[in-house]
1. Measuring from centroid to centroid over Cα atoms, what is the spacing of region 51-90 and region 100-123 in Å?
2. Using Cα positions and a limit of under 26 Å, work out the lysines in reach of Lys89, with same-chain residues fewer than 8 apart set aside.
3. Placing one identical point scatterer on every Cα of the chain and ignoring solvent, what is log10 I(q)/I(0) from the Debye formula at q = 0.13, 0.20 Å⁻¹?
4. Over region 38-100, what is the relative contact order in whole percent, taking alpha-carbon pairs under 8 Å and six or more residues apart?
5. Working out 0.36 nm times the residue gap between Ser78 and Arg120, then minus their Cα-Cα distance, what length gain in nm do you get to one decimal?
6. Relative to the longest principal Cα axis of the chain, at what angle does helix 19-44 sit, 0 to 90 degrees, rounded to 10?
7. HN-Hα J couplings of region 127-135 from phi, Karplus 6.51/-1.76/1.60, θ = phi - 60°, integer Hz, Gly and Pro as x?
8. What is the mean projected area of the alpha carbon convex hull for region 124-163, to one decimal in square nanometres?
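Computed from the coordinates by the stated procedures, all read-outs in this text should not be read as laboratory data. Bear in mind the structure is a predicted one, so any value in this text is a computation, not a measurement. We place every Cβ from the backbone using ideal geometry, glycine too, and count neighbours over all the protein chains shown.
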Amino acid sequence: MVDPGRCIGTGVGVDPEHELADRVGMAMVRLNKMHAQMSHQMAKQGMDKSAFVLLATLSGLGECRSSALAEAVLSDPSTVSRQVAALVKDGLVERRADPADGRASVLAVTEAGFTLIKDRRRQRNEAIERMFAEWPAEDFKNFAELFERFVHDYERTVPAYMTDRGTGTRAGGEN
């Protein structure tokens, strides 16, 4: 089997001053490819990746309005509304009266939703621990710290970059 990380393309040259950025970018492409494959498997098991992201985000936020959830996942409110409807139908999320304004509703994760998140998180953690089983504990710890730092900076930088380029942070180019 060919190691995709070792394939050398002949089409696009990399400017030497951007070599490290290109290495990170290409590693992200490979990671995204694997993530897409996992998402496909999740969908075959009945859970769409974007719906799971909403469920996990909502569990972290606690009860909130649909608009706040859409903002938290950098998505369009109408898209989130459709995905939430499916989560409600599946019994993973419920709508409750907003304590601050009884005319509005908030979303809340149900016990079934929390159970699903807990099970998926355990499966994910076991898989990650298997990936790092051959790494020295200190390397695993250092990687976790650097990766968290990278993701934090990525979350902070990319939306601003997209806004500066006029592409927005939400679907359809909205800010």
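1. So the separation of the two Cα centres works out to 10 Å.
2. Counting by Cα, and skipping residues close in sequence, Lys89 has these lysines nearby: Lys44, Lys49, Lys118.
3. -0.90, -1.48
4. 26
5. Length difference between fully extended and current span is 12.5 nm.
6. In the chain, helix 19-44 runs at an angle near 40 degrees to the longest axis.
7. With the stated coefficients, region 127-135 comes to 5, 5, 4, 5, 4, 9, 4, 8, 7 Hz.
8. Mean projected area for region 124-163: 3.4 nm², to one decimal.
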